[in-house]
Amino acid sequence: METSKVVTIPNHWTSPKYSLGQRTKQGMIVGVQYCLFENLVVPERDGLWRYAVLVSTEDEQVEYISESGVQLPPEKELQSCVWR
């Protein structure tokens, strides 16, 4: 039986656009990381999210992709796809 987990994100961070377990063209999202900018010139600038994506289940290969680099498959493909 799965249990629900709650993750609290600080108010001054943006919310992630994608979620754990979500399918992308690259694979399945298995991790989410918030990366803060270490920029003294623009300290109020937000950070960004990057995602650990399982691209191969055979060798458990994971790639890290920025939020802007995540590509969602067409809705029709999502409905017919079963993750193994």
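No lab work stands behind these numbers, since they all come straight from the coordinates. Worth saying up front: this structure is predicted, and the values here are computed from it rather than measured.
For this structure, a couple of remarks:
- Partners of Lys76 within straight-line reach, counting lysines whose Cα lies under 17 Å from its Cα and excluding those fewer than 8 residues away in the same chain: Lys25.
- Computed extension gain for Lys17 through Glu63, at 0.36 nm per residue and net of the alpha carbon distance, reaches 14.8 nm.
- Segment Tyr34-Thr3, length gained on full extension (0.36 nm per residue, minus Cα span): 8.8 nm
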